[in-house]
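The block underneath contains the structure these notes are about, expressed in structure tokens.
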Amino acid sequence: MNDRSLPNFVGLDIGTSKVRCVIGIADQNDPTRPSIIGYGSATNKGMRKGNVVYVDDVAEAIVEAITQAESLSGVRIHNATVNINGTNVVGINSKGVIAISTANREITEEDRYRVEEAAMIVKLPANREILQLFAKNYRLDGQNNIKDPVGMHGVRLEVDAHIVTSSIPNLRNLDDALTKAQVRVNRHTISSLGAAEAVLTRQQKKQGLP
């Protein structure tokens, strides 16, 4: 089975009842909307309420879903973005603050990353790990409700962020199942937020519908 020449994107949704796999390739006309070229679905008997209880059963379902997607697409899967869900996923709010040290005080991409990293410096229980950070609003020298500060000028950049965390034991069990299925994790993401990205418009997101 040969890999296609175009970049491909693989998503795995490991749910309590089903494991689903989807493969997309970049659309040359609209790179933001990949074309779906393969998918697969398998019954998952190894999870209860979003938690892994039988690693081998979860691995078996992952392999079955991936095999179906590979067969349809002609693409061999080695890596995937993996959705996380269940009661072990918890979100908390946080804030980050940095000073802008560049001579002209213009906000750069690096500054945005730095303030988001500052927001991730939070005290978590020993059994929890940060999965993702979502910047809700930026603040520059007291000016509120900035969605993207890059290119603006100021000396004090702040961010109001939402941090999503997961139970470390469950995350490790899930990663063990993926290792058994011979799939490397590109990143973990959250199923509900992925669904919001797929169906909500920019205006709906601004209104806070997610």
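The values are calculated or read from the model by the stated rules, or taken from the named source; none is laboratory data. Since we're looking at a predicted model, the values are computed, not measured. Neighbour counts run over all protein chains shown; Cβ positions are idealised from the backbone, glycine included.
Any residue in segment 191-198 that is at pLDDT below 90 and in contact with a strand residue (DSSP E or B) (Cβ under 7 Å, 6 or more places away or on another chain)? Yes: one or more hits. Checking each residue in segment 21-66 for being touching a residue at least 60 places away in the same chain (Cβ under 8 Å), closer than 19 Å to residue 77 by Cα and β-branched (Val, Ile, Thr) picks out 58, 62, 63, 66. Take the conditions modelled with pLDDT under 95, hydrophobic (A, V, I, L, M, F, W, C) and either surrounded by 14 or more Cβ atoms within 10 Å (Cβ to Cβ) or touching a helix residue (DSSP H, G or I) at 6+ places or on another chain (Cβ under 8 Å) (or both) and apply them to residue 131. Does it pass? Criteria met by residue 131. When segment 69-90 is filtered for residues that are under 24 Å from the mean Cα position of the chain (by Cα) and more than 21 Å from residue 175 (Cα to Cα), the ones remaining, listed by number, are 73, 75.
For segment 97-108, indicate whether the set of residues that are free of Cβ contacts under 8 Å to residues at least 24 places away in the same chain, at positive phi and surrounded by fewer than 13 Cβ atoms within 10 Å (Cβ to Cβ) is non-empty. Checking segment 97-108: not a single residue is free of Cβ contacts under 8 Å to residues at least 24 places away in the same chain, at positive phi and surrounded by fewer than 13 Cβ atoms within 10 Å (Cβ to Cβ). Note on segment 97-180: enclosed strands (runs of 3 or more DSSP E) holding 1 or more residues that are within 18 Å of residue 191 (Cα to Cα) are 128-140, 156-167.
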